[in-house]
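The values are calculated or read from the model by the stated rules, or taken from the named source; none is laboratory data. Quick caveat, the model's predicted, so the values are computed rather than measured. Note that each Cβ is placed from the backbone with ideal geometry, even for glycine, and that neighbours are counted across all protein chains shown. We work out accessible area using only protein heavy atoms, side chains counted, and drop any ligands, DNA or RNA first. Shrake-Rupley method; radii C 1.70, N 1.55, O 1.52, S 1.80 Å.
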Amino acid sequence: MATQADYYEVLGAARGASDAELKKAYRKKAMQFHPDRNPGDETAEQKFKEINEAYDVLKDPQKRAAYDQYGHAAFEGGMGGGGGAGFGGFGAGAGGLGDIFDQMFGDMMGGRRGGGGRRTGADVQVEVELTLTEAYSGVKKSIDVQTRVSCESCNGSGSADASGGSQTCGTCHGAGKVRAQQGFFLVERPCPTCNGSGRTVRNPCKTCHGSGTQAKTKTLQVDIPAGVEDGTRMRMSGEGEAGGEGVAPGDLYIHISVASHQIFQREGANIYCRVPLRMTQAALGTEIEVPVIDGTRSRVRIPAGTQTGETFRLRGKGFSVLRSTARGDMYIQVSVETPQHLNKRQKELLEEFEQEANGDHTKASPESSGFFAKVRDFFDGR
């Protein structure tokens, strides 16, 4: 039997990774190997299943703890001798551990159960990249989604006959679910033959081969609110894959990615802007004009003697706050630039300035003077 890959290695995550780190690693891998991005690639499809299997185990604290202690053996038959019989009661009733595994296997098979046993089609994930200004103001985006919709030939019935024509599934005998022993647990999951419906089509539709769905790219308009952050996930109910006759469609999950900006850096609701100043501007004082994320401009007075690292706050000029009219603040971070490539006259002027200080820079440069005074005291003390 081939050795199963370590779940942490499958996701590309460290064994001690936090829930957020696991989620981030899963999202990255799932987007990379999603079948819609790799049509016809069986290797990518298999990898996608492995990624989902790994994440479904590690995202659950109980299953992760079992995996960390026993590895794959925790989910395979034969572990611990009579251990399976001791846990045989689980999975038989609502709320048991069987429901947890049922959800896990349901996700792996492209469907899931919600409250009350409701079956749905598979969820779909897409990534939308925004500019920082779009994230600030909010935007309506047109996105193309590769998904599955109800088959147009059979209206989603899966049958080539207009009257339908279905029969009881021979695998689950109409129950819509099957049970299997998985290590300690008796796991109940949707029937893989009928996808949980309990019935199969006698005369399958030639277009969808009885599934009731077909692949299609559809265009959706998405309203992204102002103040959205990088990594935000939005859900559009019912915009996922169709699940065939009698099955509600899944949901569409939109992952927001905000691109970096050439001027601004965002931290929550605040915006930071690094402004380089000439040495003379910082020494003599000046007034500068800076851009604001909303497209306006603001004037900032820089006092004489300003040093690198000093920060000036512009209240209410920061980022919009999600679902609120409030705004954060904008911070101007000063960086004093030392002049380079001086011509002869410029060097002379600086030399004159140096001589004018008569060797005493205590007032003009108190920080450096204080530092070198401490250095002298250090060596004198030795």
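Determine, yes or no, whether residue 336 is out of contact with any His (no Cβ under 9 Å at 6 or more places or on another chain), open to solvent by less than 100 Å² (accessible area, probe 1.4 Å) and within 30 Å of residue 135 (Cα to Cα). Criteria not met by residue 336.
When residue 298 is tested against the conditions (1) modelled with pLDDT of 95 or more; (2) over 18 Å from residue 136 (Cβ atoms), the lone failure is (2). A residue that is in contact with a strand residue (DSSP E or B) (Cβ under 8 Å, 6 or more places away or on another chain) and among the aromatic types (Phe, Trp, Tyr) can be found somewhere in region 301-320.
Residues that are in contact (Cβ under 8 Å) with a residue 60 or more places away in the chain, part of a loop (DSSP other than H, G, I, E, B), within 28 Å of residue 217 (Cα to Cα) and in contact with a strand residue (DSSP E or B) (Cβ under 7 Å, 6 or more places away or on another chain) do not occur anywhere in region 27-34. Of all residues in region 200-231, those satisfying the criterion of being surrounded by fewer than 19 Cβ atoms within 10 Å (Cβ to Cβ) and either of a type in the set (Lys, Arg) or touching a Pro at 6+ places or on another chain (Cβ under 7 Å) (or both) are 202, 206, 216, 218.
Scanning region 9-26 for residues that are in contact (Cβ under 8 Å) with a residue 40 or more places away in the chain, surrounded by 19 or more Cβ atoms within 10 Å (Cβ to Cβ) and of a type outside the set (A, V, I, L, M, F, W, C) gives no hits. Restricting attention to region 295-315, the residues that are assigned to a loop (DSSP other than H, G, I, E, B) and charged (D, E, K, R) total 2. Among the residues of region 248-294, the ones that are β-branched (Val, Ile, Thr), assigned to a strand (DSSP E or B) and either within 34 Å of the chain's Cα centre (by Cα) or surrounded by fewer than 16 Cβ atoms within 10 Å (Cβ to Cβ) (or both) come to 7 in all.
Selection over region 174-199 of residues that are on the phi > 0 side of the Ramachandran plot and open to solvent by 30 Å² or more (accessible area, probe 1.4 Å) gives a count of 2. Residue 219 satisfies every condition listed in (1) farther than 23 Å from residue 141 by Cβ; (2) in a strand (DSSP E or B); (3) of a type in the set (Ser, Thr, Tyr) except (1).
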